[in-house]
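Heads up, the thing below is written out as structure tokens.
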Amino acid sequence: DAILITDNQSGRIHMSTLAAGALLIDAGVDPIVQLSCRNRNRISLLSDLLGCLALGITSISLVRGDRVPDDFQPRPKAIMDVNATELIRIANIMKKDENIAAPGSFFLGGVVTAHAPKPGWPAKNITEKVDAGAQFVFTHTCLDLDILRTYMQRLGETKLLWNCHVVAGIVLLSSEEDARWVSKNRPNVIIPNDIITRLSKAKNPEKEGIEICAEQLQELSKIPSISGAHIIASEKLTNIPVAIAKSGILETNKTS
């Protein structure tokens, strides 16, 4: 298990991911530190990668970064000196350089968007990331299991999963309003209307959200080639372990 520390998610200011990662390590928790290309040039990004090595942070997710919201004033300047795939390639070169890092010191990841590919889909985005050195990818939040199953089936046909783990992104919702906000404000998120309807009709939306999350975890555990789940919650993080326990997946893994 690990905790993903996002890099100024949704373009909003948060604590440095390296600082947060160091705090988690001190607390005995394994962090996955995210670094985004949005507001750093390559010197700054290389400096942060070296900082990760010095702090003992080995799991790193390298991403483009979310668009800064329009109400952020004065406007920060987007830099984008390198893109996410280029940054993965740079980190992979560092990982293999014995003068910089111990062999295998980085476990490198990225982000992809689950969708229902058309015939002849070349899987260009994830292929480029894997070729650059990505060992795992998170999917953006996708609660449409049919789309996710189709996506994973098509990925399996490409043989990319021989060299890369896929961690499915899901979200623990607490109300209809929460679901609509996430759909509107988080890029590349897929939340089917039937889930929003369930939350709107529920007498206890928070409890219903836990039930939905538990159901999603149960179904994800049945999809071949999915290595794990990345659970996001915009509210009430304490409901995450409740949903995991309710899903029963931990007990299933113990007996399998």
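The values are calculated or read from the model by the stated rules, or taken from the named source; none is laboratory data. All figures in this text were calculated on a predicted structure; none of them were measured in a lab. Backbone-built Cβ (ideal geometry, glycine too); neighbour counts: all protein chains shown.
Each residue in the range 215-228 was checked for being part of a helix (DSSP H, G or I) and surrounded by fewer than 19 Cβ atoms within 10 Å (Cβ to Cβ), and 3 pass.
Keeping to the range 36-59, report how many residues are crowded, with 22+ Cβ neighbours inside 10 Å and either touching a helix residue (DSSP H, G or I) at 6+ places or on another chain (Cβ under 7 Å) or without any contact (Cβ under 8 Å) to a residue 24 or more places away in the chain (or both).
Total meeting the criteria: 4.
A single member of ILE240, ILE210, ILE231 is part of a strand (DSSP E or B) and farther than 18 Å from HIS115 by Cα, and it is ILE231. Filtered by the rule that a residue be touching a strand residue (DSSP E or B) at 6+ places or on another chain (Cβ under 6 Å), at pLDDT below 95 and small (Gly, Ala, Ser), the range 228-250 gives a lone residue, ALA233.
The listed residues are ALA2, ALA91, ALA20, and the only one of them that is in contact with a Ser or Thr (Cβ under 9 Å, 6 or more places away or on another chain) and surrounded by 13 or more Cβ atoms within 10 Å (Cβ to Cβ) turns out to be ALA2.
Pairs meeting the criteria (first residue in the range 153-165 and more than 12 Å from TRP121 (Cβ to Cβ) and in contact (Cβ under 8 Å) with a residue 60 or more places away in the chain, second residue part of a loop (DSSP other than H, G, I, E, B) and not acidic (Asp, Glu), beta carbons under 8 Å, at least 6 apart or on different chains) are GLY156/PRO224; GLY156/SER225; LEU161/SER225; HIS165/GLN135.
ALA245 meets each of the listed conditions (1) among the hydrophobic types (A, V, I, L, M, F, W, C); (2) touching a residue at least 24 places away in the same chain (Cβ under 8 Å); (3) out of contact with any Ser or Thr (no Cβ under 9 Å at 6 or more places or on another chain); (4) surrounded by fewer than 19 Cβ atoms within 10 Å (Cβ to Cβ) apart from (2). Filtered by the rule that a residue be surrounded by fewer than 20 Cβ atoms within 10 Å (Cβ to Cβ) and β-branched (Val, Ile, Thr), the range 149-166 gives THR150, THR158.
When you look at GLY65, is it within 22 Å of the chain's Cα centre (by Cα), modelled with pLDDT of 85 or more and of a type outside the set (A, V, I, L, M), yes or no? For GLY65, the condition - within 22 Å of the chain's Cα centre (by Cα), modelled with pLDDT of 85 or more and of a type outside the set (A, V, I, L, M) - is not met. Residues in the range 7-56 that are in a helix (DSSP H, G or I), closer than 22 Å to PRO76 by Cα and small (Gly, Ala, Ser): SER10, GLY11, ALA19, SER44, SER47. Here is the figure for the range 147-190: residues that are over 16 Å from the mean Cα position of the chain (by Cα) and not in a helix (DSSP H, G or I) total 5.
Just give me the residues in the range 205-214 being farther than 16 Å from GLY248 by Cβ, surrounded by 16 or more Cβ atoms within 10 Å (Cβ to Cβ) and either of a type outside the set (Gly, Ala, Ser) or under 19 Å from the mean Cα position of the chain (by Cα) (or both), in sequence order. Even if it seems obvious, please write down each step before you answer.
As a first pass, look at the range 205-214 and keep what is farther than 16 Å from GLY248 by Cβ: 205-209.
Now drop any that are not surrounded by 16 or more Cβ atoms within 10 Å (Cβ to Cβ), which leaves 205-206, 208-209.
Of everything in the range 205-214, those that are farther than 16 Å from GLY248 by Cβ, surrounded by 16 or more Cβ atoms within 10 Å (Cβ to Cβ) and either of a type outside the set (Gly, Ala, Ser) or under 19 Å from the mean Cα position of the chain (by Cα) (or both) turn out to be PRO205, GLU206, GLU208.
Take ALA101 and tell me if it is surrounded by 14 or more Cβ atoms within 10 Å (Cβ to Cβ), modelled with pLDDT of 95 or more and of a type outside the set (D, E, K, R).
no
Considering the range 209-225, the residues that are more than 23 Å from GLN9 (Cβ to Cβ) and in contact with a helix residue (DSSP H, G or I) (Cβ under 6 Å, 6 or more places away or on another chain) include one that is modelled with the lowest pLDDT, namely SER225.
Could you check the range 102-125 and list, in sequence order, the residues that are within 20 Å of LEU4 (Cα to Cα) and outside any loop (DSSP other than H, G, I, E, B)? Within the range 102-125, PHE107, LEU108, GLY109, GLY110, VAL111, VAL112 meet the criteria.
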